[in-house]
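Colleague: Before I ask anything, let me first share the structure, which is written out below as structure tokens.
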Amino acid sequence: MCGILFELSHADSFTTSSVSDDLVKDVARRGPDSLESVELVVGSLQLKFTSSVLSLRGTAVVPQPLFSKPGGSAAENQDGDPEYVLCWNGEAWRFDGQEFGPDENDTQLIFAQLSSCNGKVQDVLQRIEGPFAFVFYDGPSKRVWFGRDWLGRRSLLRRKSVGGDGNVAICSIADPRTISQWEEIEADGFYYIDLQTYTGLQSIHKVAFVSNSEPDTTEPLSMKLPIPQLCKHIPPANPTAPHPQSSPVSHLYDLLYDSLRLRIQNVPLHSIPLVPGHEGKMRPSKIGILFSGGVDCTMLARIVHDILPIEEPIELLNVAFENRRVLDAAVAEAKKAKKSKKTSTQVENGIELDSNGLEDVSATSSINSVYDICPDRQTGRKSWVELQSVCPTRDWRFKEINVPYEQVVEHKQAVVALLHPHDTEMDLSIGLAFYFASRPLEIDSPRILLSGLGADELFGGYARHGTAFNRAGYPGLIDELELDLTRLGKRNLGRDDRIIANWGREARFPFLDERLLQEVISWPVTDKCGFGAVQLDEEWSTLDNEKQVLRLLAWKLGMKGVAGEKKRAIQFGARTAKMEAARGGKVKGTQKISVAPG
């Protein structure tokens, strides 16, 4: 993980940086191991490349930007401006189908390929498997390339033109001093600036991604997407439901195992905080999992156990918020129920809560009781217990991250700035959850965090998938799944990268591995979810239709409790949704974020 900042301006006017010191500090937060800059002049243009580095590959920290001088390497004593410069924020797991060695640094290898491609930059980028955003200066062609991978798994923003000055700024995050001027670079292709003919933003060109289903284009600068189109085969009526021993279930395990293997093995020692005396139970963790206790994240944890050596601890990061609005409503409802003597329990957001316990919460002196009733805290503990039962030899470290309301108020504006250009109440709810879940609070906190993002989009995990099936059958369900996959980068990935990387952490998404995606989207919809299937008279037949293949995998691996857990969005499970009650009305997720905390 790294922070990228690129500035282009006219050389005669480049007296001070066009971005604020605050932006440079925010870029540095993303990569605490190194922060360096490279400057050069091309004709009448001044270029400045700045990169920070969170070192997670190879045997040592490799500072960025990488650059080479004419006639060879980046030797200090060579004269002249750099011939090639690379700012790289990514993880190349494979290049041209081949995995990198455990001691190799992917940034150096990609730089070597780009520096020897004779201007065919898009050909190099197309052969990379893994998430990335980048800025690359190709001296011989006088072009600056930039962009995000085809799925948009890393963030990259561009400042809009200000008063027609012709200056360009590209960064992993928005400048907090000029936040409204920044927009997200679309993950629809790679872009380049032609410096020889540069007259402003019209000199920015795109090499577009095109679908495999589209006919070969006559445009020489275009690239095929690395995955096929979603399988749109319409199953026959009442297909037979899959079962734990069926081929899709076994195949999904293999795909997740291979995806996780790339993302958790060979983590270099220099990236792990080493403290004297931290051995045995104090041994630092290499891997953390954003852990709600749901089937997505718990399956990641279960398969990580099959890969890592048994002496390696695994952190399960579980966040819960003090949502006073929800708490007050629950207490009031519990008192009402107790007074009427109709029932001893109340159901709120799908979680059964004891009414006496809720009434006690308002008067208790125990601060943890506020967080104990959060749905994700309850589910997380249950799944943690089941992991300990199924994998008793592993050191499972369940980290309870409790967030008081005052901290939400204190950090809200920082989260809003990181979210930009996303700006809805739902973005804020999700952003708050990831912001505090990924915040390092202990010295042994891991730098690599695994996320289950993508499972719902792949396997039909949202309630609206069931709604789409009920409304329009399999065609409606397939259309909804396709919509989710096509907008995943625009809606989620850049936003989540900006939030999590702010703490010098790297989010990795095993469900979004290229090879896993290539396989799963080619499956018929009945191999992924159970809508419309004829259920057999078996114990596992009671599992929900949403993400049924993943639930069957949990069942097969001995985690029947996890297999039956209901889907719950993070903003409801962690209780970040609607933390600030609207005055005189309800808050909708699509509404714009309120300017000031309530």
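Every number here is computed from the coordinates shown, using simple stated rules; none is lab data. Since the model is a prediction, treat every value here as computed from it, not as a measurement. Here the Cβ positions follow ideal geometry from the backbone for every residue, glycine too, while neighbour counts run over all protein chains shown.
Colleague: In whole percent, what relative contact order does the chain give with Cα contacts below 8 Å and a gap of six or more residues?
Modeller: Computed over the chain, the figure is 16 percent.
Colleague: State, as an integer percentage, the relative contact order of the range 2-224 based on alpha-carbon contacts under 8 Å between residues 6 or more apart.
Modeller: 18 percent
Colleague: To continue, here is another question. Can you flag which of K25/K592; K206/K592; K48/K160; K120/K224 are past 20 Å Cα-Cα?
Modeller: K25/K592; K206/K592
Colleague: Specify which residue in the list S389, Y192, V24 is farthest towards the positive end of the charge dipole of the chain, using unit charges on the beta carbon of Lys, Arg (+1) and Asp, Glu (-1), about the Cα centre.
Modeller: S389
Colleague: Same structure again: Can you grab the distance from the C-alpha centre of the range 489-512 to the C-alpha centre of the range 520-546, Å, no decimals?
Modeller: 30 Å
Colleague: Rounded, prolate or oblate for the range 100-200? Axes are the square roots of the Cα gyration tensor eigenvalues, ordered a ≥ b ≥ c, and the cut-off for rounded is a/c under 1.5.
Modeller: Oblate shape, in that a/c is at least 1.5 and b/c is the bigger or equal ratio.
Colleague: Taking the Cα atoms of the chain alone, what are Rg (to one decimal) and Dmax (as a whole number) in Å?
Modeller: According to the Cα coordinates of the chain, Rg and Dmax are 25.0, 86 Å.
Colleague: Using a Cα-Cα cut-off of under 16 Å, which aspartates and glutamates could be cross-linked to K528, ignoring same-chain neighbours fewer than 8 residues away?
Modeller: In chain and number order, the partners are D254, D296, D456, E457, D479, E480, E482, D484, E519, D544, E546.
Colleague: Among rounded, prolate and oblate, which fits the range 410-464 when a ≥ b ≥ c are the square roots of the eigenvalues of its C-alpha gyration tensor, a/c under 1.5 means rounded, and a/b larger than b/c means prolate?
Modeller: Here the range 410-464 falls in the oblate category.
Colleague: How high is the relative contact order of the range 96-168, in percent, with contacts defined as C-alpha pairs under 8 Å that are six or more residues apart?
Modeller: 20 percent
Colleague: Right, another one. Determine the percent antiparallel among the DSSP beta bridges restricted to the chain, to the nearest 5.
Modeller: 75 percent
Colleague: Report the local net charge at G130: Lys and Arg +1, Asp and Glu -1, summed over other residues whose C-beta lies under 15 Å from its C-beta.
Modeller: It works out to a net charge of -2.
Colleague: Next question, about the same structure. How big is the gap, in Å, between the Cα center of the range 149-201 and the Cα center of the range 1-63?
Modeller: If we compute the Cα centre of each part, the gap is 14 Å.
Colleague: While we're looking at this one, here's another question. Where does each of 427-438, 459-470 land if you order them by average Cβ count within 10 Å, highest first?
Modeller: 427-438, 459-470
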